[in-house]
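Report on one structure; see the data block that follows.
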Amino acid sequence: MKWEECRNMSVDKEKYFELQNELSLKGVVLIAVSKTKPAEDILELYELGQRDFGENYVQELLEKHSALPNDIRWHFIGHLQSNKVKYIAPFVQLIHGIDSLKVLREVEKQGQKVQRKIDVLLQVHIAREETKFGLDTKELDEVVQYLPGCNYLNIKGMMGMASLTEDLDQVQNEFKQLKLLYEKYRLLIPSFSILSMGMSSDYKIAVEQGSNMVRIGSLLFGERHY
Ligand SMILES: *Cc1c(COP(=O)(O)O)cnc(C)c1O
């Protein structure tokens with residue numbers, strides 16, 4: 001591919017402003033998902049005022065965190081292995097993908113080490129696909145039991161991913177289901193205020209169903225090439 005073509009495929013600034021307008025009117029926070037994208041692309045959005053960026057891989061996040069401005073708020077949105085928590089604990093803004101009690105315990109432990117209260121979201125499995133990570137209701141209840149002794153954790157809410165399908169009714173139902181769970185657990189966990197759901201292909205449906213944080217990558221940065 002020629003360089004010029006690559007340039008054209010980088011950040012879509014118009015789309016950014018359009019999205020930002022649409023979302024801020026509804027009080028929805030935009031996380032720009034920059035995984036696999038170079039630092040220059042992130043800086044382009046940064047210069048337009050974007051501060052919340054999402055990454056999926058610990059190593060990549062560490063490199064970008066040290067190379068880019070330090071007022072960027074880094075969201076970890078991928079599957080987090082518990083042995084990697086220590087690397088991001090000193091600076092991460094919000095961990096979206098807590099999908100086991102094991103990793104939650106590790107966040108508490110690492111939070112204590114760095115003397116930082118770490119904000120996290122509980123990832124809930126709502127999709128039909130087996131491959132997606134997340135807690136089931138039994139595990140959610142275990143989390144609730146575990147919380148009273150925690151001093152270095154803030155459970156800010158929930159995150160979920162809908163099935164990858166053309167069936168929009170299915171997607172809508174999955175988001176609806178997550179919103180219901182969110183409301184249920186909000187009564188038990190008073191620090192709940194964030195419902196992170198919706199990506200490039202389904203964020204409109206997610207917002208209609210009550211999302212207040214969306215994670216958008218390809219709409220802003222173009223398709224990812226692995
Ligand atoms: C990659 C990713 C996104 C962004 O996906 P797009 O379809 O590019 O918007 C959002 N959430 C999670 C958890 C992701 O892994």
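Since every read-out is calculated from the coordinates, none of them should be taken as a lab result. Because the structure is a prediction, the values reported are computed rather than measured. Using ideal geometry, Cβ is built from the backbone for each residue, glycine included, and neighbour counts are taken over all protein chains shown.
Run the reach check for Lys13 against lysines, Cα to Cα strictly under 24 Å, same-chain hits fewer than 8 apart removed. What comes back?
Lys2, Lys26, Lys35, Lys37, Lys64, Lys204
Mind checking the log10 I(q)/I(0) for segment 43-131 at q = 0.19 Å⁻¹? Debye, one equal scatterer per Cα, no solvent, two decimals.
Listed by q, the Debye log ratios stand at -0.87.
Percent relative contact order of the chain, based on C-alpha pairs within less than 8 angstrom and at least six residues apart?
Once normalised by length, the contact order is 21 percent.
How large is the direction-averaged shadow of the alpha-carbon convex hull of segment 180-226, in nm²?
If you wrap the Cα atoms of segment 180-226 in a convex hull and average its projections, you get 4.2 nm².
Just to confirm a number: summing +1 for Lys and Arg and -1 for Asp and Glu over residues other than His125 whose beta-carbon lies under 12 angstrom from that of His125, what do you get?
-3
Rounded to the nearest 20 debye, what is the charge dipole size of the chain about its Cα centre when +1 sits on each Lys and Arg Cβ and -1 on each Asp and Glu Cβ?
Approximately 880 debye in magnitude.
Please name whichever of Ser82, Val207, Phe175 sits farthest to the positive end of the charge dipole of segment 2-217, dipole taken about the Cα centre and charges placed at Cβ: Lys and Arg +1, Asp and Glu -1.
Checked the options; the winner is Ser82.
Rounded to the nearest 500, what is the chain's calculated 222 nm mean residue ellipticity when only DSSP H runs of at least 4 contribute -39500 (n - 2.57) each, over all residues?
Details: 10 runs with 95 residues, N = 226.
My calculation for the chain gives -12000 deg cm²/dmol from helical runs alone.
Taking every alpha carbon pair in the chain, what does the distance histogram look like in 5 angstrom bins from 0, in percent?
Going from the shortest bin to the longest, the percentages are 1, 7, 15, 18, 20, 17, 12, 7, 2, 1, 0, 0.
At 0.36 nm per residue, and after removing the present C-alpha to C-alpha distance, how many nm does the segment from Gln177 to Arg51 gain when stretched out fully?
Between Gln177 and Arg51, full extension yields an extra 42.4 nm.
For segment 110-226, what is the relative contact order in percent, using Cα pairs closer than 8 Å and at least 6 residues apart in sequence?
23 percent
So, counting K/R as plus one and D/E as minus one, what does the shell of residues with Cβ under 13 Å around Gly134 add up to?
-3
Would you mind calculating the gained length between Ser163 and Asn151 on full extension (0.36 nm times residue separation, minus the Cα-Cα distance), in nm to one decimal?
That pair, Ser163 and Asn151, stretches by 0.9 nm at full extension.
So for each of 156-163, 112-119 I average, over its residues, the number of other beta carbons within 10 Å; can you give me the resulting order with the highest mean first?
On the way: 156-163: 24.9, 112-119: 14.5.
Packing order, densest peptide first, comes out as 156-163, 112-119.
Give the residue from Pro148, Ala162, Leu48 lying farthest towards the positive end of the charge dipole for the chain; charges sit on Cβ (+1 for Lys and Arg, -1 for Asp and Glu) and the dipole is referred to the Cα centre.
Of Pro148, Ala162, Leu48, it is Pro148.
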